[in-house]
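Chemist: Supplied in structure tokens, the structure appears directly below.
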Amino acid sequence: FYTMGIETSCDDSSVAILKNDREVLCNLISSQIDIHKIFGGVVPEIASRKHLEAINPLIEKALMDTGLSYDDIDLISVTKGPGLIGSLLVGISAAKALSLSTNTPMIGTNHMQGHICANYLSNKKLKPPFISLVVSGGHTYLVRVDDYTDYEIIGQTRDDAAGESYDKVARAIGLGYPGGPKIDKLSKEGDKEAIDFPRVMLEKDSYDFSFSGLKTSVLNYLNQKSQKNEEINKADVAASFQEAVVDVLVAKSMRLLDETGLKTLAVSGGVAANSRLKERLKEECDKRDIRFYNPDIILCTDNAAMIAMAGYLNYKAGERSDSYLKVYPNLGL
Ligand code: ATP
Ligand code: FE
């Protein structure tokens, strides 16, 4: 059984082919970062145009690389949301054209479910139930995964997403877009205890997150320093900011694991590539005898393999989409 995944929700065009359950035959990703970084962030109109140029060649290349033909594909799984409307429309239109012309079933897939499912691809032994910490550019979720298609959101951000705060702080200290990997790297040269940025935990029993206050206090710190003409140690700012984000993510995840008694944690999304977050989660899980899973780095950020994986699971559970499939820019999990 071959599933083709198509992902165009933001600034990466990606096409993947999955064999049966969890076996990635190819996962092609065409990044647009070089263009968007000129503008310091993703420009939606440019993103749609780039997807349009990339998508058909990627589909052809995926078939060529795997030696498969259009007839071999049993299912097309395409991201229907959340994401940029123009970008999503390119993927959906390509999937519809392919589905209609080759008479192949198609399924619209939730991008955030895709991020969670990335873990199945890197960790063949992972199976529900488990707690999933999803930390991406636009979302921060603590999710209870009860079954392959059964998710309950326990907590989410009330303002900025974790990845978004990395990107904004990176911009403020002049590191450029996307900021996550750059802060990760620079932090290794800094002192994480140099500056005491706030850890916003919200109400005592809440599993929600809030990262905009942290971002503001980093900005205030930078302003104060420059007003006083004092030198800013960027590595210290990066490391101290990162530690504040990681502290909150780790604390809430551990509290939820303790409360539910579940013995497995899987982290995913772009920020799951963060070396300090992985290190701290692993440490805390080991203390509690909890299994800790994270995806390979390439499967943390946007890719079509995770979309194929999620679509495959939904299809096996009986879900189908028809040719009226729409895009859902604000889709929740
Ligand atoms: P969403 O999935 O919520 O719609 P998205 O698809 O834009 O958003 P992802 O591709 O999952 O987000 O992740 C991109 C985010 O991950 C960016 O904010 C980026 O800065 C962050 N990121 C990537 N690598 C790292 C890293 N090593 N450390 C911290 N953050 C990182
Ligand atoms: Fe994403």
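The values are calculated or read from the model by the stated rules, or taken from the named source; none is laboratory data. Being a predicted model, the structure only gives us computed values, none of them experimental. Positions of Cβ are generated from backbone atoms using ideal geometry, with glycine treated the same way; all protein chains shown enter the neighbour counts.
Chemist: Name every residue in segment 101-120 that is of a type in the set (S, T, N, Q) and either within 16 Å of ligand 1 (Cβ to nearest atom) or at pLDDT below 95 (or both), in order of residue number.
Modeler: Just the residues of segment 101-120 that are of a type in the set (S, T, N, Q), to begin with: 101-104, 109-110, 113, 119.
Within segment 101-120, T109, N110, Q113, N119 meet the criteria.
Chemist: Scan segment 108-153 for residues that are in contact with an Asp or Glu (Cβ under 6 Å, 6 or more places away or on another chain) and in a strand (DSSP E or B) and report the count.
Modeler: 1
Chemist: Can you spot a residue in segment 43-58 that is in a loop (DSSP other than H, G, I, E, B) and under 20 Å from the mean Cα position of the chain (by Cα)? So that I can check it myself, show each step before the final result.
Modeler: Taking segment 43-58 and keeping what is in a loop (DSSP other than H, G, I, E, B), we get 43.
If we keep only those that are under 20 Å from the mean Cα position of the chain (by Cα) as well, we get 43.
There is at least one residue in segment 43-58 that is in a loop (DSSP other than H, G, I, E, B) and under 20 Å from the mean Cα position of the chain (by Cα).
Chemist: Scan segment 272-301 residue by residue and report those that are away from ligand 1 (no atom under 13 Å from the Cβ), farther than 22 Å from L202 by Cα and either among the basic types (K, R) or free of Cβ contacts under 8 Å to residues at least 60 places away in the same chain (or both).
Modeler: K282, E283, C285, D286, K287, R288, D289, I290, R291, F292, listed by residue number.
Chemist: So, in segment 302-331, exactly how many residues are closer than 27 Å to L277 by Cα and either in contact with a His (Cβ under 9 Å, 6 or more places away or on another chain) or free of Cβ contacts under 8 Å to residues at least 24 places away in the same chain (or both)?
Modeler: 5
Chemist: Hey, can you tell me all the residues within segment 272-291 that are surrounded by 20 or more Cβ atoms within 10 Å (Cβ to Cβ) and assigned to a helix (DSSP H, G or I)? Talk me through it step by step, then tell me what you get.
Modeler: Taking segment 272-291 first, the residues surrounded by 20 or more Cβ atoms within 10 Å (Cβ to Cβ) are 272-274, 277, 281, 285, 290.
Across segment 272-291, the qualifying residues are A272, A273, L277, L281, C285.
Chemist: Scan segment 8-31 for residues that are in a loop (DSSP other than H, G, I, E, B), closer than 14 Å to L84 by Cα and not acidic (D, E) and jot them down.
Modeler: Passing the criteria: T8, S9, C10.
Chemist: So in segment 102-121, with the set limited to residues that are out of contact with any Ser or Thr (no Cβ under 9 Å at 6 or more places or on another chain) and touching a residue at least 12 places away in the same chain (Cβ under 8 Å), which one is surrounded by the fewest Cβ atoms within 10 Å (Cβ to Cβ)? Steps first, answer last, please.
Modeler: Start the filter on segment 102-121 by keeping residues that are out of contact with any Ser or Thr (no Cβ under 9 Å at 6 or more places or on another chain), which leaves 102-104, 120-121.
From the residues that got through so far, the ones that are touching a residue at least 12 places away in the same chain (Cβ under 8 Å) too are 102, 104, 120-121.
Values: T102: 13, T104: 18, Y120: 24, L121: 24.
Taking the candidates together, the pick is T102.
Chemist: Tell me which residues, restricted to segment 1-30, are polar (S, T, N, Q) and more than 16 Å from ligand 1 (Cβ to nearest atom).
Modeler: Those that are polar (S, T, N, Q) and more than 16 Å from ligand 1 (Cβ to nearest atom): T3, N20.
Chemist: If we scan segment 264-271, do we find a residue that is within 11 Å of ligand 1 (Cβ to nearest atom), in a helix (DSSP H, G or I) and either touching a Gly at 6+ places or on another chain (Cβ under 7 Å) or among the β-branched types (V, I, T) (or both)?
Modeler: yes
Table: residues versus (1) in contact with a strand residue (DSSP E or B) (Cβ under 9 Å, 6 or more places away or on another chain); (2) farther than 30 Å from L256 by Cβ; (3) buried (at least 18 other Cβ atoms within 10 Å of the Cβ).
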residue: A62; (1), (2), (3): yes, yes, yes
residue: D71; (1), (2), (3): no, yes, no
residue: I85; (1), (2), (3): no, yes, no
residue: A94; (1), (2), (3): yes, yes, yes
residue: S99; (1), (2), (3): yes, yes, yes
residue: V134; (1), (2), (3): yes, no, yes
residue: D147; (1), (2), (3): no, no, no
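Chemist: Let me ask something else. Among the residues of segment 139-158, how many are closer than 22 Å to D302 by Cβ and in contact with a Ser or Thr (Cβ under 9 Å, 6 or more places away or on another chain)?
Modeler: Here the count works out to 9.
Chemist: Right, here's the next one. Of all residues in segment 172-212, how many are touching a residue at least 40 places away in the same chain (Cβ under 8 Å), within 16 Å of ligand 2 (Cβ to nearest atom) and not in a loop (DSSP other than H, G, I, E, B)?
Modeler: Here the count works out to 2.
Chemist: What number of residues within segment 128-169 are within 18 Å of the chain's Cα centre (by Cα), more than 14 Å from ligand 2 (Cβ to nearest atom) and without any contact (Cβ under 8 Å) to a residue 60 or more places away in the chain?
Modeler: Looking only at that region, the number is 7.
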